Amino acid sequence: MRIDRVYIDGFRNLRDIEADFDEGRLTTVVIGQNGSGKSNLIEAIVEIFRHVDLPTGSVRFTFEIEYVIRGRKVRIHNREGVTSFFVDDETMSFSRFNLNKGSLFPDLVFGYYSGTGRRLEKLFDDHQARYYGVINKDRDDTEYEKARTARRLFYCRPVHGVFALLSHFAKPGKKGDVSKLLNEKLGITGFHSALAHFKEPSWFTNSVWKKGRSAPPASRGRRTFDELGEQALDVWGAKGPAGECARAFHKAAFHPLAITGKVVDDYRSKAKTEAQLACFIRDQNALKALAAAYDNDQDLFAALEAADISDLFREMLVWVTRNDNDSGDVSFSDLSDGERQLLMVLGLIRVSRGKEALFLLDEPDTHLNPAWQLTYLDLIKEWTEIAADEDKCQIIMTSHNPLTIAALVKQEVRVMQINDDDKMKVKQPYADPRGMGFTATLTEIFGLPTTLDPETQRQIDERNILAQIEKRTKDQEKQLIEINDKLNRLGFMNESREPLYQDFLRAWHDVRYADRPPLTPEDVEKRHNAMQLLIKQLTDNKGAAH
């Protein structure tokens, strides 16, 4: 699954824009200023796939999208007000497309936002609600599998990192490459133990649970402690994959405990008492017993996720061993935000293997340290090669970080910029970020006029103006000496004694950088070409007037 091109007009601030991706690349990073529309681009793409998969109404913007999947080229647009489908440049009706959706539509479209808002997540609610409407009821296994397959849009949440890690430990597969990568990159050497903390779900009704039992039904408020414990040990009568998962924990746990606890879900609410079930998985053998009912880590992950969206988990704790700590005192929650964020993305890549998958990630590198930001995409590529099918995946992500794109070629980067006429453009940078260095990436790719703070840059601008004056007054000479002294103390040793440098300053005398706004990609390229031409003229005609 690879998107080739997308056109959007009328989605928030996205007006008449076209983004052309390199479908031969696993990853594309979209950069740009705040407000340029990076997140809107991600959301618009999700909205398109959501509309095509669940056409509950018309999309309130014009779109056209082209992608390649399973060797076929698909183009979908609504330019004439009606959604039209083309496969290998031949028109296809919606009914026929829908009938062949299994081969013409992505198996999974993942979305993730590292912030706290639900704007992106809400676009996935309909798919989750439809899935939830099936899996929490007592149905045939084929219906559960059908619902799982039909859930093509999937929003990634932090708890999925816990589920993915637990699934890997339970079903590591035949190859040890993933475990090796976890060890080398994150220092995680293995599984220690886990605690599944189940709670009375919001859908539970005491009277329904009591039906068919010898004891008379009781109201929720009059339940005895024994009744609460009995209901917890029966995981509140949960059905389907969620109930099966909870009972697998109960069976594999070391002395499962039915307890009650006081919880506050919202600071505006009073503490309430709820029935809970604590299932402790004390070692690797117990984890294997838990996972015995599942064929692979993908099935186990799906079961854990089903229990979660069925409102059965109060908390899931997983403890790991690390290179520097094998005591089991390190839980998933003790890992850094960056480590947890990375494990979530990497885990979902792994459980999507074999699928035609699209990952739309909004600033997933937010919490990573500089070393990981620099190697983030290399790590994703390495993980995808090991844990998934690289040719079936595409990762489109937004970022503000120059370190994230520093090792990329220009085909893997798209710059979103609002021009002076308020026209939005999405363009490939004029040069590869790879080899530029971090500071050059800021100016040549992100369009910053300078990498210095404004005050220091103002001093340099003033020094340059004074330095290009051929006959300075005594006051100007004194001022130049003072500025050079300040700059020298800051480590800037470029004085104006080199004749060629003075010629350059004279030619560039009207350029000041301290207060300039960020440049557009076109401006950056023009500046680069102009400077190259100027330097060539200066070196070819040294001493001549300019």
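Laid out as a table, the results:
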item	result
Within the stretch 133-148, considering residues that are among the β-branched types (Val, Ile, Thr) and touching a residue at least 60 places away in the same chain (Cβ under 8 Å), the one surrounded by the most Cβ atoms within 10 Å (Cβ to Cβ)	ILE135
Pair list, Cβ under 6 Å, 6 or more apart: the stretch 88-113 residue charged (D, E, K, R), other residue open to solvent by 40 Å² or more (accessible area, probe 1.4 Å) and not in a strand (DSSP E or B)	ASP107/LYS355
Members of the stretch 351-361 that are part of a loop (DSSP other than H, G, I, E, B) and open to solvent by less than 20 Å² (accessible area, probe 1.4 Å)	SER352, GLU356
Selected residue (criterion: farthest from the chain's Cα centre (by Cα)) from residues of the stretch 95-146 that are under 22 Å from GLN394 (Cα atoms) and of a type in the set (Asp, Glu)	ASP107
Enumeration of residues in the stretch 373-407 that are modelled with pLDDT of 90 or more and among the aliphatic types (A, V, I, L, M)	ILE395, ILE396, MET397
All positions within the stretch 115-132 that are surrounded by fewer than 18 Cβ atoms within 10 Å (Cβ to Cβ), part of a helix (DSSP H, G or I) and touching a helix residue (DSSP H, G or I) at 6+ places or on another chain (Cβ under 8 Å)	ASP126, GLN128, ARG130
Cβ pairs under 8 Å, 6+ apart, first in the stretch 177-192 and closer than 15 Å to LEU379 by Cα, second among the small types (Gly, Ala, Ser)	ASP177/ALA387; VAL178/ALA387; SER179/GLY190
Output for the stretch 327-349, where each listed residue is polar (S, T, N, Q), more than 14 Å from SER193 (Cα to Cα) and surrounded by 14 or more Cβ atoms within 10 Å (Cβ to Cβ)	GLN341
Filter result (open to solvent by less than 20 Å² (accessible area, probe 1.4 Å) and in contact (Cβ under 8 Å) with a residue 40 or more places away in the chain) within the stretch 376-390	LEU377, LEU379, ILE380, TRP383, THR384, ALA387
Among the candidates GLY354, GLY328, residue that is more than 17 Å from the chain's Cα centre (by Cα), at pLDDT below 85, small (Gly, Ala, Ser) and at positive phi	GLY328
Residue match in the stretch 149-157 (condition: in contact with a helix residue (DSSP H, G or I) (Cβ under 7 Å, 6 or more places away or on another chain), open to solvent by 50 Å² or more (accessible area, probe 1.4 Å) and assigned to a helix (DSSP H, G or I))	no
Sole exception among (1) farther than 23 Å from TYR430 by Cα; (2) at pLDDT below 70 for ASP461, by number	(2)
Filtered residue count, the stretch 297-335, keeping only those that are under 27 Å from ALA232 (Cβ atoms) and part of a strand (DSSP E or B)	9
Filtered residues of the stretch 268-326 (kept if among the hydrophobic types (A, V, I, L, M, F, W, C), open to solvent by 20 Å² or more (accessible area, probe 1.4 Å) and in contact with a Ser or Thr (Cβ under 8 Å, 6 or more places away or on another chain))	PHE280, LEU317, TRP319
Enumerated helices (runs of 4 or more DSSP H) restricted to the stretch 362-471, each holding at least 1 residues that are farther than 30 Å from GLY173 by Cβ and aliphatic (A, V, I, L, M)	402-405, 438-444, 454-467
Candidate set from the stretch 231-267 (those that are touching a residue at least 24 places away in the same chain (Cβ under 8 Å) and touching a Ser or Thr at 6+ places or on another chain (Cβ under 6 Å)); member that is surrounded by the fewest Cβ atoms within 10 Å (Cβ to Cβ)	THR260
The stretch 394-425: number of residues that are closer than 12 Å to ILE445 by Cα, open to solvent by 50 Å² or more (accessible area, probe 1.4 Å) and over 16 Å from the mean Cα position of the chain (by Cα)	1
Cross-chain or 6+ apart pairs with Cβ under 6 Å, the stretch 450-461 first and at negative phi, then assigned to a loop (DSSP other than H, G, I, E, B) and at pLDDT 85 or above	none
Residues that are among the small types (Gly, Ala, Ser), modelled with pLDDT of 70 or more and outside any loop (DSSP other than H, G, I, E, B), drawn from the stretch 189-223	GLY190, SER193, ALA194, ALA196, SER207
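Yes/no per residue for (1) assigned to a loop (DSSP other than H, G, I, E, B); (2) basic (Lys, Arg); (3) touching a Leu at 6+ places or on another chain (Cβ under 6 Å):
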| residue | (1), (2), (3) |
| --- | --- |
| ALA246 | no, no, yes |
| HIS255 | yes, no, no |
| GLY261 | no, no, no |
| ASP266 | yes, no, no |
| GLU274 | no, no, no |
| LEU277 | no, no, no |
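Rundown of residues vs (1) closer than 26 Å to CYS156 by Cβ; (2) crowded, with 16+ Cβ neighbours inside 10 Å, yes/no style:
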site	(1), (2)
THR366	yes, yes
PRO370	yes, no
LYS392	yes, yes
GLY437	no, no
GLU470	no, no
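The values are calculated or read from the model by the stated rules, or taken from the named source; none is laboratory data. Owing to the predicted nature of the structure, the values given are computational and were not obtained by experimental measurement. Every residue, glycine among them, receives a Cβ derived from its backbone with ideal geometry; neighbour counts consider all protein chains shown. Remember, those area values only see protein heavy atoms, side chains included, never the ligands or the DNA or RNA. Shrake-Rupley method; radii C 1.70, N 1.55, O 1.52, S 1.80 Å.
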